[in-house]
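**Student:** If you scroll down you'll find the structure; I have some questions about it.
The values are calculated or read from the model by the stated rules, or taken from the named source; none is laboratory data. Because the structure is a prediction, the values reported are computed rather than measured. Backbone-built Cβ (ideal geometry, glycine too); neighbour counts: all protein chains shown. Just the protein is used for accessible areas: all its heavy atoms, side chains included, with ligands, DNA and RNA removed. Shrake-Rupley method; radii C 1.70, N 1.55, O 1.52, S 1.80 Å.
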Amino acid sequence: MALRDVLLSIAQTPHRLRRRALVTWTPAQELNEVRDRSGARMKRRLEWYDLVGLGVGGMLGAGVFVTTGKVARDTAGPAVFASYVIAGVSALLSSFCYAEFSVRVPVAGGAFSYLRVTFGEFVGFFGGASILMEYVLSNAAVARSFTDYLASTFGVTEPNAWRIVVAGIAEGYNALDVPAVALIVLITVCLCYSTKESSMLNMVLTVFHLLFFAFIIVAGLWNGSARNLVRPHGLAPYGVRGILDGAAIVYFSYIGYDSASTMAEEIRDPARALPVGIAGSVLVVSALYCLMSVALCVMLPYTEITETAPFSSAFREKVGWRWARSVVGAGASIGIVASLLVAMLGQARYLCVIARARLVPSWLAKVHPSTGTPMNATIFLGFCTASLALFTELQIVFEMISIGTLLVFYLVANALIYHRYVKVGVNRPLHVLLFLLLLTLSSLGFSLSRKIDGWCRWGMALFGAISIAITAIFHCTARQDIAGPPSEWSVPLMPWPAAASVFLNVFLITTLKMRSYQRFSIWSLVIIVFYVCYGVHSTYSAEENDINAMIHHSNLDIS
């Protein structure tokens, strides 16, 4: 591109932003015109049970082993199971929103596609880039934890025993994790080969992991005592606030169910399989997490639970099963492999569809004609994940993992309400936008009231009542499904489930630490700069080329 063209593009940036930032695509365009940009199509080979397996495998990673002990000891006490219930309800409500969108727009773009067809190109790109960042960071973190759990399987307790510590590199980046990189490379090769075979491998790993969970639950309940749930300071020693704070921390264990929605293009019967697969996997995992936390707390009083390796420590101290450390290490290692397999499957499809929209280089959108997989996107993100896992102790950016995901889930819930009640060109969206704004503000007021001593209780009651009232008024005054005929499956009792999802996601976001907001703000700035400097110009130029091509073909037809 000549320098003159570059300068002209820069000068036209405000005009192009006005033209492109709010432009939306219809579901029909996403399903046909946009999907055709990948060349070959992804193969429809998956059934509903594949989706359930992918959802369960994606969530049953290391999260429950990392968060349960810490939350039980320091935040919620034996009532940690209630924290899992609250987090599970929030995840289930969000999964309903994803399920309806995935039926209406059965493409591989997940939240990116849902937000783009509702709020426009920029919001879609912001959501897609945020969730992609979450995938890469969390996958790298989980891959490094695989090394720890695998080492514990063989009785190795030194944290960096299987890593190469290099002198002269900054602390936090100097422990090179070769096993984590090898695992990522192996999974990347598997995902490039076939989606169906990857799903079958995940199913086998998930079955073994479920048996491992069953062992911990049965053995823990058998060897425990219900008295440990109420001693030494009662079931909820930290009160309701501790349970709510714990819900935000354990929510990390639920990240991954949205991966199932990115498989929409590869499902044989999307309308039936997607709701079952997405919501069903959340229900299964919620039940397992609650039982796991109860099993831990009945074995030991919460004050004696260790922060690191709580389950293996509980078996060793309470039951005398010293071999339990190896069992927990092996089971967690299997779960991590399944979790990584599903998460890397999802992240590649997110990037593939973002590339279809021409917001990143289009070669990332190509689907291999023989394997039917987005090979370029899979290899590129595998390289990025492996690079981070090799060098970086991800406690440095760990706080960012939850905030971006919760923000995207919040946006998807808003988008579902907007999509249900607004039909562009027929009715004005002002009343819907006003409802969403008031709902967000009242949810924010409720969440901030909890943080302020003195007026905490009446502030929470006031803003909670306001949230219920404005939702009830909107429910009575707005018409549903005016945006088109209802899909084969839709969220019942709208707008209440989506409004509750908005409320809970706002609440969980406000429980995060200030460092989370600071680091996510930097990432948000990177997203905006990339969109302004590359994305908007790429899509604008592509649009002009498409229009010119259409004019050229019209002229040929006339002549």
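**Student:** Going by the structure shown, is R325 free of Cβ contacts under 8 Å to residues at least 60 places away in the same chain, under 30 Å from V250 (Cβ atoms) and part of a helix (DSSP H, G or I)?
**Tutor:** Details: free of Cβ contacts under 8 Å to residues at least 60 places away in the same chain: no; under 30 Å from V250 (Cβ atoms): yes; part of a helix (DSSP H, G or I): yes.
Judged against the criteria, R325 is not a match.
**Student:** Here is a follow-up. Tell me, yes or no, whether the range 63-74 has at least one residue that is more than 22 Å from the chain's Cα centre (by Cα) and open to solvent by less than 30 Å² (accessible area, probe 1.4 Å).
**Tutor:** yes
**Student:** Taking only pairs six or more apart or across chains, which ones have beta-carbon atoms under 6 Å, a first residue in the range 348-361 that is surrounded by fewer than 24 Cβ atoms within 10 Å (Cβ to Cβ), and a second residue that is not polar (S, T, N, Q)?
**Tutor:** Taking only residues 6 or more apart or on different chains, the pairs are A355/L364; A355/A365; R358/A542; V360/I354.
**Student:** When you scan the range 223-231, do you find a residue that is closer than 30 Å to R45 by Cβ and of a type in the set (D, E, K, R), even just one? Spell out how you get there, then give the answer.
**Tutor:** The initial filter retains those residues of the range 223-231 that are closer than 30 Å to R45 by Cβ, namely none.
No: the range 223-231 contains no residue that is closer than 30 Å to R45 by Cβ and of a type in the set (D, E, K, R).
**Student:** Pull up the range 484-503, narrow it to residues that are hydrophobic (A, V, I, L, M, F, W, C) and at pLDDT below 90, then point me to the one that is surrounded by the most Cβ atoms within 10 Å (Cβ to Cβ). Break it down stepwise before answering.
**Tutor:** To start, the set of residues in the range 484-503 that are hydrophobic (A, V, I, L, M, F, W, C) comprises 489, 491, 493-494, 496, 498-500, 502-503.
Okay, now just the ones that are also at pLDDT below 90, so 489, 491, 493-494.
Details: W489: 18, V491: 24, L493: 10, M494: 19.
Once the filter is applied, the top-ranked residue is V491.
**Student:** From Y114, Y49, grab the single residue that is within 19 Å of P275 (Cβ to Cβ), modelled with pLDDT of 80 or more and over 18 Å from the mean Cα position of the chain (by Cα). Break it down stepwise before answering.
**Tutor:** Values: Y114 fails: over 18 Å from the mean Cα position of the chain (by Cα).
Selected residue: Y49, the only one of Y114, Y49 that is within 19 Å of P275 (Cβ to Cβ), modelled with pLDDT of 80 or more and over 18 Å from the mean Cα position of the chain (by Cα).
**Student:** All but one of (1) crowded, with 17+ Cβ neighbours inside 10 Å; (2) more than 28 Å from G88 (Cα to Cα); (3) at pLDDT below 85; (4) not aliphatic (A, V, I, L, M) hold for R450, so report the exception by its number.
**Tutor:** (2)
**Student:** Let me ask something else. Could you please let me know if F409 is modelled with pLDDT of 85 or more and surrounded by 24 or more Cβ atoms within 10 Å (Cβ to Cβ)?
**Tutor:** yes
**Student:** Hey, does the range 72-87 have a residue that's outside any helix (DSSP H, G or I) and at pLDDT below 80? Full working, then the answer.
**Tutor:** Initially, the range 72-87 is screened for residues outside any helix (DSSP H, G or I), giving 75-76.
If we keep only those that are at pLDDT below 80 as well, we get none.
Looking for residues that are outside any helix (DSSP H, G or I) and at pLDDT below 80, one finds none in the range 72-87, hence no.
**Student:** Being at pLDDT below 85 and either over 19 Å from R450 (Cα atoms) or surrounded by fewer than 22 Cβ atoms within 10 Å (Cβ to Cβ) (or both) is the filter here; which residues of the range 504-516 pass it?
**Tutor:** Answer for the range 504-516, where residues must be at pLDDT below 85 and either over 19 Å from R450 (Cα atoms) or surrounded by fewer than 22 Cβ atoms within 10 Å (Cβ to Cβ) (or both): T511, L512, K513, M514, R515, S516.
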